[in-house]
1. Kirkwood hydrodynamic radius (Cα pairs, Å) of the protein assembly as shown?
2. Calculate the radius of gyration of the Cα atoms of chain A to one decimal place, then report Dmax, the largest Cα-Cα distance, as a whole number, both in Å.
3. In a Gaussian network model over chain B where Cα atoms closer than 10 Å are linked, find which of B:97, B:263, B:227 has the largest mean-square fluctuation.
4. Amide H neighbours of residue A:341 under 5 Å, counting only residues 5+ apart in sequence or on other chains, H built in-plane at 1.01 Å?
5. With springs connecting C-alpha atoms under 10 Å apart, model chain A as a Gaussian network and identify which of A:229, A:129, A:274 has the largest mean-square fluctuation.
6. Hey, what did chain B get for relative contact order, percent, Cα under 8 Å, at least 6 apart?
7. Grab the eigenvalues of the alpha-carbon gyration tensor for the stretch A:182-312, scale each by 5, take roots, and send me the semi-axes largest first in whole angstrom.
8. Output wanted: per-residue J couplings in Hz (rounded whole) for the stretch B:300-305, from phi through Karplus 6.51 cos²θ - 1.76 cosθ + 1.60, θ = phi - 60°, x for Gly and Pro.
Number of protein chains: 2
Amino acid sequence: MTQRGQARSARTGAQPEPRSGAVRRPTVQDVAREAGVSPSTVSRALHTRGYASPDVRNRVRAAAAKIGYVADHNARNLRSRTSTSIGVLISDLRNPFYADLAAGIEEELRAAEYQMVLVNDNGDPAEELQAAETLLAMRVPGVIVTPVTAACPRVLQDNGVHVVCADRELGRSGGDVVLSDNKAGARELTEHLIGLGHTRIGLLIDETKWSTGAGRLAGFRAAHEEFGLEVDEDLIAYTSFDADAARRTTAKLLNDHDVTAIFSANNVLAQGALAELKDRRLTVPRRISLAAYDDVPWMSLVQPALTTVDQHTVELGRTCARLLLARIRGELPPRRRRVRVAPRLIIRGSTGPAPRS
Amino acid sequence: MTQRGQARSARTGAQPEPRSGAVRRPTVQDVAREAGVSPSTVSRALHTRGYASPDVRNRVRAAAAKIGYVADHNARNLRSRTSTSIGVLISDLRNPFYADLAAGIEEELRAAEYQMVLVNDNGDPAEELQAAETLLAMRVPGVIVTPVTAACPRVLQDNGVHVVCADRELGRSGGDVVLSDNKAGARELTEHLIGLGHTRIGLLIDETKWSTGAGRLAGFRAAHEEFGLEVDEDLIAYTSFDADAARRTTAKLLNDHDVTAIFSANNVLAQGALAELKDRRLTVPRRISLAAYDDVPWMSLVQPALTTVDQHTVELGRTCARLLLARIRGELPPRRRRVRVAPRLIIRGSTGPAPRS
DNA sequence: CTGTTAGCGCATTCAT
DNA sequence: ATGAATGCGCTAACAG
């Protein structure tokens, strides 16, 4: 006989077996009866600090444990107009970047006894907005989002939900923002390539309208400028956010231009670029160097391992969560906060001296 | 006059700016007034089907949209004793296996208008139990878990929560279960190796107490038996669930035994094995073949690409979610359901004929 | 088909 | 320090 079973039969005699989906759980009332106090005292003893004598507090705690009481979040949220569920809105959990981000967020939230409601929006504005509405319905106090559209943070904020934009920033609109210092990272990586003698570097990139792509492009340009090199605009190869497309774009880049190095703006594009290089049996880095922004595990497993920029994605996630929680707790001044996490260049085997032409 | 009344009458005039964290959202009452019907009619018009005239239904919908009404899940859940939040309890979101599983689950849940509350337990029994309690508090109708301990599914079920165990099974205890057919997959992979002439195959494995490890080991043995080969027990190399440990174990295996192929029981161990092989500059597959259970993206990016068993992890996740939803909706007969998802052998370049000794 | 009534379980007034 | 009363916003019973 289970602990719960005992508790119940002690209360009402024979009680039907808990058929799943239809179990009556103990309430504050039950705890109150068990401890010989009033329901409000139970509430105070369990949560608030200072308004219950140690004696009563212990009695209540013991009673709660005994009958297996578990507080009902829905009731608590309804009454107190607060929730410990946090919305996390990302594009694609299968992309290790987002998975790491979510992992960092979850870790921090869990430590603070908050829960993560995770929604994939597949990068689709409609799904993103839909998700925002759902989170609104859940009355979450805050949301962390890698925004697709400015409308999403906006509608959340208009309804009093704290928003932290992760990884990218869309205009001035939405709330606090935590991002990798894309420009600095891309610049450092480009400097590394130029330092190796590369002057014709192809940049494989999918977008420049978000702060991520814009920043990485800016860093790419800044490094060239620093070395007095002019950027050949034809070497900036725009593609779509998709490994296959990136592969085709890489092929085109290789066919049309005599590049000695390729800088992929993110981990997805890098996959396509690498596939094309392998297919052509171009030895890396002797014939061509390859580097990527956003270090993910496979990049250190391939031969040669890729030179990358590590965004500290998990830490990025933790930072988002810490910032959001501080905001929710009212610990932050009202003005919008922008946190930049410094990336780190990791030099591996895929980049080497430019071949003599 | 109540504060609510005041706030509402104020709405006709100038509306106060929504200060974040303290916004009064419209309620059914507000919609009712706007549409000229009663609150319960609003509720029915918005949710239940058939109990409201089309005319009224449209009026209510329009009114709700007009004033920006978003239902309060907490209140709804409290009253109706149902929730659309589903708990998902996994070990490590950063492992692509779990990420894919979660992605499949989320996809299916979202399509059914359920939400995913994702918790990482880091494979720690205490954290897992803690998470179960949290989900209990949230009054979720169901949980999908990759269980660490049988206690977790049990406590959930004892409280009337539907449980689907994903990927592994701990005794008979917990609820429905969805798993890869580990034995069949491992057997097929082993057959492939034996078919290539390998007779001394090292099995790199971390556990055999769960159905995953046990099944893979069983498949490994079954294939040997089928070919009339005796399994050399010394070639079953136990290690811990960690790439570095797997690497050291691989080193030991190579030092002590003359294996011509290595079968890694999962993606994490494969990483360690590959690292060691690369470090020793053993050419794969000429000197040694390498294969792994659980296909993850990097395995097709390395050179040569790894021969693997694809578990259809995303589909595994979708299946879990579909099963759980069917259970919640009461569409399933009471008896426990065990679903096996057939895996698929993917032969790539890392496995080849056994070298003549 | 619709309105009225009555809580879901809890945290918060307000009294003592 | 504790207890009694009061809703949070919603939906399930009941009438009509």
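1. Kirkwood hydrodynamic radius for the protein assembly as shown: 28.2 Å.
2. In order Rg, Dmax, the Cα atoms of chain A give 26.9, 91 Å.
3. Between B:97, B:263, B:227, it is B:227 that shows the largest mean-square fluctuation.
4. Amide H neighbours of residue A:341, under 5 Å, 5+ apart: A:179, A:180, A:181.
5. Greatest mean-square fluctuation among the candidates belongs to A:229.
6. Numbers: 637 pairs, mean separation 56.2, N = 357.
Reported relative contact order: 16 percent.
7. Over the Cα atoms of the stretch A:182-312, the semi-axes work out to 19, 16, 15 Å.
8. Per-residue couplings from phi come out as 9, 9, 6, 10, x, 5 Hz.
The values are calculated or read from the model by the stated rules, or taken from the named source; none is laboratory data. This structure is a prediction, so every number in the text was calculated from the model and none was measured. All Cβ positions, even for glycine, are placed from backbone atoms using ideal geometry, and neighbour counts span all protein chains on display. Ligands, DNA and RNA are stripped out before the accessible areas are found, and what is left, the full protein with its side chains, is counted by its heavy atoms. Shrake-Rupley method; radii C 1.70, N 1.55, O 1.52, S 1.80 Å.
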